[in-house]
Amino acid sequence: MPQQNEPRAGVSIGVLAGRTGLAVSAIRYYEDQGLITPWRNAGGQRRFLRADIRRLSFVRIAQQLGFTLPEIRDLLAELPNGRTPTPADWSRMGDRFRARLDARIETLQRLRDDLDGCIGCGCLSLPKCALYNPGDRAAQKGEGPRYLMGDRPEI
């Protein structure tokens, strides 16, 4: 539903697609996923808030950084519906986003630093692994390259 300072006509899906660089089908998908909430005008056409341009731009960036749609939906739930987010709104949401990015950066840096020794074995079981995994102790922590995923070897 449009807000008081929003033009009654809203933004068409074509304008939204042009401004965000998303296909119309992608916008409809994001609508189905609850990331944006358009309304219908008297002619039955979808109309969007101008704030949805920012919301969908954020979705694109977050996906490129590896966030899943459920994670993005949780982040966007912190922003108000029906009005353009204020800098304070974005800052609050950014605090959570920043923490997740910091964790990803730490993981990527660890991967980069251990790349030569770990990329081949993934820290699964080779006795000469740079992170040392005798008796395949990493397997007790679960599937996959446990130490590259953040688990630490028991000393």
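A quick yes/no check of all residues on (1) surrounded by 15 or more Cβ atoms within 10 Å (Cβ to Cβ); (2) among the small types (G, A, S); (3) at pLDDT below 80; (4) in contact with a Leu (Cβ under 6 Å, 6 or more places away or on another chain):
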| residue | (1), (2), (3), (4) |
| --- | --- |
| R83 | no, no, yes, no |
| D102 | no, no, no, no |
| R110 | yes, no, yes, no |
| D113 | no, no, yes, no |
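Quick one: which of G117, G135, G94 is closer than 30 Å to P38 by Cβ and either surrounded by 14 or more Cβ atoms within 10 Å (Cβ to Cβ) or at pLDDT below 85 (or both)?
Criteria check complete, one pass: G94.
Does D89 satisfy the condition of being of a type in the set (D, E, K, R), assigned to a helix (DSSP H, G or I), without any contact (Cβ under 8 Å) to a residue 24 or more places away in the chain and touching a Pro at 6+ places or on another chain (Cβ under 9 Å)?
yes
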Name the residue that is nearest to Q45 (Cα to Cα), counting only residues in segment 2-22 that are assigned to a loop (DSSP other than H, G, I, E, B) and at pLDDT 50 or above. S12
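The values are calculated or read from the model by the stated rules, or taken from the named source; none is laboratory data. What you see is a predicted model, and the numbers here were worked out from it, not measured in a lab. Positions of Cβ are generated from backbone atoms using ideal geometry, with glycine treated the same way; all protein chains shown enter the neighbour counts.
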